[in-house]
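Quick notes on the structure that follows.
The values are calculated or read from the model by the stated rules, or taken from the named source; none is laboratory data. The structure displayed is predicted, hence computed values, not measured ones. All Cβ positions, even for glycine, are placed from backbone atoms using ideal geometry, and neighbour counts span all protein chains on display. Only protein heavy atoms, including side chains, enter the accessible area calculation; ligands, DNA and RNA are left aside. Shrake-Rupley method; radii C 1.70, N 1.55, O 1.52, S 1.80 Å.
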Amino acid sequence: MHRKQRMKERTSFMFIHIFAFTVINGENVSTPSISPSGTVDIVQGMNLTLNCTYQTNKTVHQLIAWNQLKQNGTSFASHLSIYDAPGSTCAYFDGNVSKYGYSCPADNQFNIIIYNVQRISSQGSTWMCSHQVGSFPNVFSTTVILNVQVPVRSVTLSPDLGNLSVIEGRGRQFECKTSPGEPAPRVQWFKFSDTNATNINITSLSISSLSTAGTSSVLTLVLTRYDHGLRIKCSAENVGSAKIESATKPLIDVLYGPSVTEITDQQIVKGRAFTYNCSVTVGNPAELTFIWTRNGSNETWHNQQLYLPSVQRKDDAIYYCTATNELNPTDEPNQNKTDYKSFHLDVLFGAENIVFYLEQYQESSSFNVTESSTVTLKCLLDSNPGSTIVISKDGNNKHTVLDTKSLSYSIDGKCDDAGVYTCSGSNQYAGRLSKDIDIHILCTPRAAPNVHISYNVSSVRDANVTLSFTALAFPPLQQSSFLWQKCTISGCEPVLRDKTVVSFSTSGFGNRLGECNLTIVNVREDDYTEYQMTVNGISDKKWRFFLNALDKPQPPTDFMVIVDYVTKTSANATWLSGYNGGLPQTFQLQIRESGDSKWTIHYIQENSTINTGNMYFVVNGLQSGFEYEMKLFAFNAIGNTSSVHITFSTLNHMVSVSSSSPNVASVAGGIIAGIVGILITVLCVVLRRYKIKCFLKHDLLDKVVYDTAERTNINNGVYDELQNVNTNGLSECSVSFYNELGKAYESLDCSLR
């Protein structure tokens, strides 16, 4: 509610009077009622009406008086009265009509009007009215105290400027002063725009000092760029509904620097042109200067756009874009405002500057390395991104690493490590480099690795056949280093020159591979024998070759069913294949229930086309608790062998060896009878896992050979394993079986093949 409206309410009253009467000499004299009562607020310069109501008796002369008490309350400062004759209203007014007015709206009311109330003369003054009937004493009303309020008349804002330029982020103070007022004026601060009259109240940012002599308010404002273009004003008010605004409303010009947009790292292929524009948000003022600089270089570019016509590796660096404007604040020196951003220019290029060397030696392209000496090859190159680096030997990859700039590869100095090593590197960009190192391993002769040497050769009669051996050695071998011998029962002798032809050739980098061929002309019966090759007269190292006649295969041996693998419905058969006659051989395995006339036939291809070896075949679909017969023979393109027979049962897992297997039968009969024969057979199966050649200790005419899987140390061999069998939980029969198996081993003479 506005103060002016409140003042009107204060000067407009509806009176309900309850009078108290005093009897004086038989006359009723009322106590006057005054309104408004108590303390009354009045704005300086306005008129105030006071009302005095009393109980009238129109037949008696009455005197109504308004009295203003002096400050000490001892006497009247002024006396205003009306004389009311019987039957008249406001018949007479005793007062200064220039200062006071009066009215009698009813025959029992006397109002006075105080014109142009001033604080200096009326503040705190006390008024009362009195009622006198005839000559009787006055009866006084309660008092009214005047509170004169002084409205604020003016407000001034400083600095008194139409435009104010301020650097962003700086604090700026504004002061607003008011004219005197009672009560003390209240100051408010606002921001607003010429285009948007909505006021933003920022009074909370100010500190005011209130006084009836005038209010002072200081606004501290930290300006941002979002304040640019706004105006500042202040207003004051205390009484009444009107606000007084400052005439000064400065326009705020917020000065700030440019903002360079974040720059992402860039990539460019070597040799291409590179262009990059420095994107920026302009400041205030908008006029900018640009400069590009590069880390580690004094070179500069004075354009918004960076341009490199042909990028080289030296251009791989961090680049800075700096934008600058000049700020001209009010009442402050000019200053420059800058901002910068940077990015890394990543120059992409293919493989360059390859270096390939042995870490343990001086840099060279050829090295002699002692056998068994470990050396490390190191390959380094430059590229971006990293390259795929490959170290190869004689064209065969040895080690490859992706996305790298260095690669190490170690060799153990084995003879076959000798060769030309190449390091090559490349990425997806132009440029592929390679460098070679020739490494010679000083090593004694040995069979060349990765070269197939046929130690079993077959031939028909009257044809020429060649035995070929390739040795690896460094320094390179000569033909005179090779010696071929023909072996018979009586021993080995050098081959006869009139029946053989010896040829020699070298190959491989540095001629480290020496190939010596022995050609036997017009093969005869006595040429089917063993031949031995020695190199450089090394007597303890011989390579054995066998010339075999093309013929039908030799019969398979050691045909049996592995007892431990017999189930109710299947059995695992095993045998040793005999010499295949120089041609691929196939095995025919037949099986039937004992007493049945129908055989089920299975064909099994040999594991190897040359060497003898183990054969295994699982027969499925058998009946539980039945006895079965098996027979086996081999055949090739020339003919077939005799068959070997066995029987077994799916119920008790017993294995018996038929007398129709002449090799097994002769071994068993020559050593021991009964169960021991079975033990030796089982033992031979065990021995196959260790590639051990075993001969019967008895000097038999035909030595039996058991050729099994590879094993390198006979001292940790089969017998130890047989002795260490865990017999816990085995039946008494099984324990006895393993004990007898160990004894049977001692009847064999075994050595590593």
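Annotations for the structure displayed:
- Cβ-Cβ distance of residue 331 and residue 192, R₀ of 22 Å, FRET efficiency by 1/(1 + (r/R0)^6): the value works out to about 0.40.
- Amide hydrogen proximity for residue 239: with H placed 1.01 Å from N in the peptide plane, the residues at 5 or more positions away or on another chain lying under 5 Å are 152.
- Under a 5 Å amide H cut-off, with hydrogens placed 1.01 Å from N, residue 558 pairs with 576, 664 among residues at least 5 apart or on other chains.
- The P(r) of segment 296-403 has a tail past 24 Å containing 57 percent of all C-alpha pairs.
- Seen from every direction in turn and averaged, the convex hull around the alpha carbons of segment 359-421 projects onto 4.4 nm².
- Local electrostatic count, residue 483, Cβ distance below 13 Å [Lys/Arg +1, Asp/Glu -1]: +3
- Shape call, segment 74-231: gyration tensor on alpha carbons, a/c limit 1.5: prolate
- Amide H contacts of residue 61 (H built 1.01 Å from N, under 5 Å, at least 5 apart or other chain): 134
- Computed extension length for residue 312-residue 218: 27.7 nm, one decimal, from 0.36 nm per residue of separation with the Cα-Cα distance subtracted.
- Vicinal HN-Hα couplings computed from phi for segment 579-591 (Karplus, 6.51 cos²θ - 1.76 cosθ + 1.60; Hz; Gly/Pro x): 4, 7, x, x, 10, x, 10, 10, 9, 10, 10, 10, 9
- Residue 373 sits among other residues whose Cβ lies under 11 Å from its own Cβ, and their net charge, with Lys and Arg +1 and Asp and Glu -1, is -2.
- Net +/- balance of residues flanking residue 585 in space, Cβ distance below 10 Å, scoring K and R +1, D and E -1: 0
- At q = 0.18, 0.22, 0.23 Å⁻¹, base-10 log of I(q)/I(0) for segment 224-268 (Debye sum, equal scatterers on each alpha carbon): -0.74, -0.85, -0.88
- A probe of 1.4 angstrom, applied to the heavy atoms of all protein chains, finds residue 228 with accessible area near 80 square angstrom.
- Once the C-beta distance of residue 616 and residue 365 is scaled by a Förster radius of 56 Å, the resulting FRET efficiency is 0.60 to the nearest 0.05.
- Remark: accessible surface ordering of 603, 320, 628, 579 (largest first) is 603, 320, 579, 628, probe radius 1.4 Å.
- With 22 Å as the limit on Cα-Cα distance, the pairs of 99/243; 393/435; 499/552 that go past it are 99/243; 499/552.
- Förster-model FRET efficiency, 41 Å R0, residue 430 and residue 502, C-beta, rounded to 0.05: 0.15
- Per-residue surface analysis assigns residue 287 an accessible area of about 130 Å², computed on protein heavy atoms at 1.4 Å probe radius.
- Phi to ³J(HN,Hα) by Karplus 6.51 cos²θ - 1.76 cosθ + 1.60 over segment 42-50, Hz, x for Gly, Pro: 9, 6, 3, x, 8, 8, 10, 9, 10
- Stretched out straight at 0.36 nm per residue, the stretch from residue 406 to residue 126 would grow longer than its current Cα-Cα span by 90.0 nm.
- Converting phi to 3J(HN,Hα) with the Karplus coefficients 6.51, -1.76 and 1.60 and the offset θ = phi - 60°, segment 155-168 yields 8, 10, 10, 10, x, 8, 10, x, 10, 9, 9, 9, 6, 3 Hz in sequence order, with x at every glycine or proline.
- Note on segment 258-349: Cα convex hull, mean projected area over all directions, 6.1 nm².
- Residue order for 393, 405 - accessible surface, 1.4 angstrom probe, largest first: 405, 393
- Shown are 126, 400, whose ranking by accessible area with a 1.4 Å probe and every protein chain present, most to least, is 400, 126.
- Calculated over segment 394-489, the projected area of the Cα convex hull averaged across directions stands at 10.9 nm².
- Using a probe of 1.4 Å, the accessible surface attributed to residue 361 totals some 90 Å² when neighbouring protein chains are kept in position.
- For segment 172-269, the list of GluC sites (Glu not before Pro) that fall in a loop by DSSP and count at most 13 other C-beta atoms within 10 angstrom reads 262.
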